[in-house]
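Reading through the structure tokens given below for one structure.
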Amino acid sequence: MTNSLDAPDVEALAKLIVDEGVVQHVDLNRVRFIRSFNARFRSYARIFGLSRPIREALKTNVCYVVEVNAELFDGLPSAEKIRVVIHELTHIPNGCNGSLRSHRSRSFRTNTHRKARVLAVKLAGSKLDDLNPT
Ligand SMILES: [Zn+2]
């Protein structure tokens, strides 16, 4: 059975990415991060958008949920974790309206991997050591 827990370490990573200006348009107060165990999906992470009717029905301000796959994500080197989290945050468009940018959008083609590499090099081995799950 799949089990999910809050993922404060992934949230901290996202905060670092936003604070460093790699992803600037995302309001992290409206994004939740969870870690799933025994997940059925085969990627490191995925993101879900909550559309307005869903937010109203659930009485939540949360627009996005980023889910990491514990078995695949947790063993990654820090630089790869950064790349994965940047990738998921890049799916969020301006305005955080619950929709998702596709992989064909300009943001993916121009920014993601170059910025991820720069940040990964800058941060590797420093602040990241505090962010690994215990
Ligand atoms: Zn993607």
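The values are calculated or read from the model by the stated rules, or taken from the named source; none is laboratory data. Predicted model, so just to flag it, every value in this text is computed and none were measured. Neighbour counts are summed over all protein chains in view; Cβ atoms, including those assigned to glycine, are modelled from backbone coordinates with ideal geometry.
Structure values in brief
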item: Qualifying residue in segment 14-29 (condition: touching a residue at least 12 places away in the same chain (Cβ under 8 Å), within 16 Å of the ligand (Cβ to nearest atom) and among the charged types (D, E, K, R)); result: no
item: Segment 78-116 - residue that is assigned to a helix (DSSP H, G or I), among the basic types (Lys, Arg) and out of contact with any helix residue (DSSP H, G or I) (no Cβ under 8 Å at 6 or more places or on another chain) and, of those, nearest to residue 16 (Cα to Cα); result: 114
item: Matching residues in segment 110-130 - criterion: being at pLDDT below 70 and under 17 Å from residue 45 (Cα atoms); result: 112, 113
item: Any hit, segment 71-81, residues being touching a residue at least 12 places away in the same chain (Cβ under 8 Å) and closer than 30 Å to residue 53 by Cα; result: no
item: Breaking point among (1) of a type outside the set (Phe, Trp, Tyr); (2) in contact with a Phe, Trp or Tyr (Cβ under 9 Å, 6 or more places away or on another chain); (3) over 19 Å from residue 116 (Cβ atoms), for residue 13; result: (3)
item: Residue check, residue 90 at pLDDT below 85 and either within 16 Å of the ligand (Cβ to nearest atom) or loosely packed, with under 12 Cβ neighbours inside 10 Å (or both); result: no
item: Any hit, segment 98-109, residues being of a type outside the set (Gly, Ala, Ser), touching a strand residue (DSSP E or B) at 6+ places or on another chain (Cβ under 7 Å), at pLDDT 90 or above and within 13 Å of the ligand (Cβ to nearest atom); result: yes
item: Test: residue in segment 47-54 that is out of contact with any helix residue (DSSP H, G or I) (no Cβ under 9 Å at 6 or more places or on another chain) and under 20 Å from residue 108 (Cβ atoms); result: yes
item: Scan of segment 30-69 for residues that are surrounded by fewer than 20 Cβ atoms within 10 Å (Cβ to Cβ), more than 16 Å from the ligand (Cβ to nearest atom), of a type outside the set (Lys, Arg) and outside any loop (DSSP other than H, G, I, E, B), ordered by number; result: 34, 37, 53, 54, 56, 57, 58
